[in-house]
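Notes for the one structure printed next.
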Protein chains: 2
Amino acid sequence: MRVYPDCIPCFLRQALEAARRVTENRKEQREVLSEVAALIPGLPMDATPVDMGREIHRTVNAVIGSVDPYREVKKEYNDRALLLYPQLKQRVKNSPDSLLTAIKLAAAGNVIDFGVGAKFDLSQSIEKGLREKLVGFDYALLKERLEQVEEILYLGDNAGEIVLDKIVIEELVSREKKVTFVVRGKPIINDVTLKDASYVEMDKVANVISSGCDAPGTTLRYCDSDFIETFGKSKLIIAKGHGNFEGLSEEDRPLFFLLKVKCPVVAAELGATVGSIVLRAKVKGKM
Amino acid sequence: MRVYPDCIPCFLRQALEAARRVTENRKEQREVLSEVAALIPGLPMDATPVDMGREIHRTVNAVIGSVDPYREVKKEYNDRALLLYPQLKQRVKNSPDSLLTAIKLAAAGNVIDFGVGAKFDLSQSIEKGLREKLVGFDYALLKERLEQVEEILYLGDNAGEIVLDKIVIEELVSREKKVTFVVRGKPIINDVTLKDASYVEMDKVANVISSGCDAPGTTLRYCDSDFIETFGKSKLIIAKGHGNFEGLSEEDRPLFFLLKVKCPVVAAELGATVGSIVLRAKVKGKM
């Protein structure tokens, strides 16, 4: 997905929010904003929001000197989601279609996104997600595809949310699928890293690998060669969240994007409404 | 009032909204955004949002070539407010303190602002304004000051809103005050110009002059010398809206700022809440 004009004011908002996490000094905040603004005129027309997100957070870190301003909030949301885990597992177990319920939960959990600048309530998002009338939700196609594969590549997105991803993965594992869960290469915003995967014990249910990507999403040119090879060979890829959608929507791979829509631009790109949960197959027919 | 870090993303939003009024071409929109972004690093620490507002709209006009993208919406809101005028006059007349009611209406009318990027409903703002529990509303001080002067300088802000300003001015005229109503020097956003003043027949109740300012507010360095002289001599100045507040809040003059607070930055500066109406004397004691 290319940068929309609407993304540009949003980039500066994102830069300011990240700067504020590490300094109250307005002069430093202005410096970050100036450096990020200076990047705008040189932004290629085919850049994705993930490319710019990467530059924004590199700038924040270079100017202010923090490498992980979201560390505490990531732990907080991992802990919150872990607290919810037993009751969510129970709801999945008691539901008529446990995989569908788990997928809806994981999409609802994608609300935990400190990049988009909106306030959120995890429990509210979960209740809404479970009740939501699903529109353009390619679950039947995913089920069909799952019948044909043994291995699934699952691209994680955010801390906290990862606990809900784990519930989906447990459902997949109980169906005798082998899952590889992918995290970012470095801390960026509240995106998951190896540390989060370990904290929530994702490694007990999935093979956990890093994409090597230091952007808030997945863009292949920033990923390491091992991941690119794995990605290229995968027969079924579930990609969570805005950042993975923004960076991979133009890749010709068997992708299912699973996310909660949190901004008008992603909503326009998906033909969905802000606040809805979406499961969208990249290729509608045979993949 | 100086530019806050929060103003910077907002400048780009404002530029994009203005660009969208004249072109659907995303490349042109991106060009406007790039040019405005390029101004950010050079923005002096003591610049006001009005200074930058001026640059934004000059850039939009230079890149896209329109001189008045808000012309139609200005007429629309002048017409809407003119339709409301008879019933609002009646409500003022029937109220226990007609001047106070008129002032509250004029503050509520300041919601008609196409610079701040929020949706609004004029009628709702009026009903809310009339019911509002006024906090830090320097009406007693204004009344006291009105006793001591014969002439009032009234700085207008937006089209549509000007009709509600006229109701205040009619109240002042009925108290034998002489009012000079000030408009911007050129069309910018939906700010009032001589054309709007003439359209709503402001000239029948007040002496109408232009500040010469081509910014979306009043900043003396962009005003013409006649206005600066008038401003310097005035013993009581009512300044409407965000833009006049932002540009004049540091001037040491007998100013009363009358506005509806529409953004968190102006709210912080005034110690008020977003959505409230404010009448604030620049100097609390004797002026």
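The values are calculated or read from the model by the stated rules, or taken from the named source; none is laboratory data. Remember, it's a predicted structure, so these values are computed and weren't measured experimentally. Cβ sites come from the backbone with ideal geometry, for glycine too, and all protein chains shown count toward neighbours.
Of all the numbered requirements in (1) more than 21 Å from the chain's Cα centre (by Cα); (2) without any contact (Cβ under 8 Å) to a residue 40 or more places away in the chain; (3) part of a helix (DSSP H, G or I); (4) farther than 25 Å from residue A:198 by Cβ, residue A:101 misses one, and that requirement is (1). Evaluated against (1) touching a helix residue (DSSP H, G or I) at 6+ places or on another chain (Cβ under 7 Å); (2) within 14 Å of chain B (Cβ to nearest Cβ), residue A:91 falls short on exactly one condition, (2). The set of residues in the range A:31-55 being crowded, with 19+ Cβ neighbours inside 10 Å, within 11 Å of chain B (Cβ to nearest Cβ) and part of a loop (DSSP other than H, G, I, E, B) consists of A:43 alone.
Scanning the range B:161-185 for residues that are of a type outside the set (A, V, I, L, M) and within 17 Å of the chain's Cα centre (by Cα) yields B:161, B:165, B:166, B:180, B:181, B:184, B:185. Residues in the range B:142-154 that are in contact with a Phe, Trp or Tyr (Cβ under 8 Å, 6 or more places away or on another chain) and among the hydrophobic types (A, V, I, L, M, F, W, C): B:142, B:153. Between A:26, A:54, the distinction of being basic (Lys, Arg) and farther than 21 Å from residue A:247 by Cα belongs to A:26 only. Selection of first residues in the range A:20-46 that are on the phi < 0 side of the Ramachandran plot and of second residues that are surrounded by fewer than 16 Cβ atoms within 10 Å (Cβ to Cβ) and of a type in the set (A, V, I, L, M), restricted to Cβ pairs under 7 Å at least 6 apart or on distinct chains, gives the following pairs, ordered by first then second residue: A:41/B:38. Would you say residue A:59 is at pLDDT below 95, over 22 Å from residue A:264 (Cβ atoms) and either of a type in the set (Ser, Thr, Tyr) or not in a helix (DSSP H, G or I) (or both)? In short, yes.
For the range B:1-30, taking the residues that are part of a helix (DSSP H, G or I), at pLDDT below 95 and more than 9 Å from chain A (Cβ to nearest Cβ), the one that is surrounded by the most Cβ atoms within 10 Å (Cβ to Cβ) is identified as B:18.
Of the residues making up the range B:59-90, just one is within 16 Å of residue B:222 (Cβ to Cβ) and either hydrophobic (A, V, I, L, M, F, W, C) or in contact (Cβ under 8 Å) with a residue 40 or more places away in the chain (or both), namely B:59.
Would you confirm whether any residue within the range A:74-83 is aliphatic (A, V, I, L, M), more than 20 Å from residue A:198 (Cα to Cα) and outside the structural domain of residue A:25 (by TED's automatic domain parsing)?
Within the range A:74-83, not a single residue is aliphatic (A, V, I, L, M), more than 20 Å from residue A:198 (Cα to Cα) and outside the structural domain of residue A:25 (by TED's automatic domain parsing).
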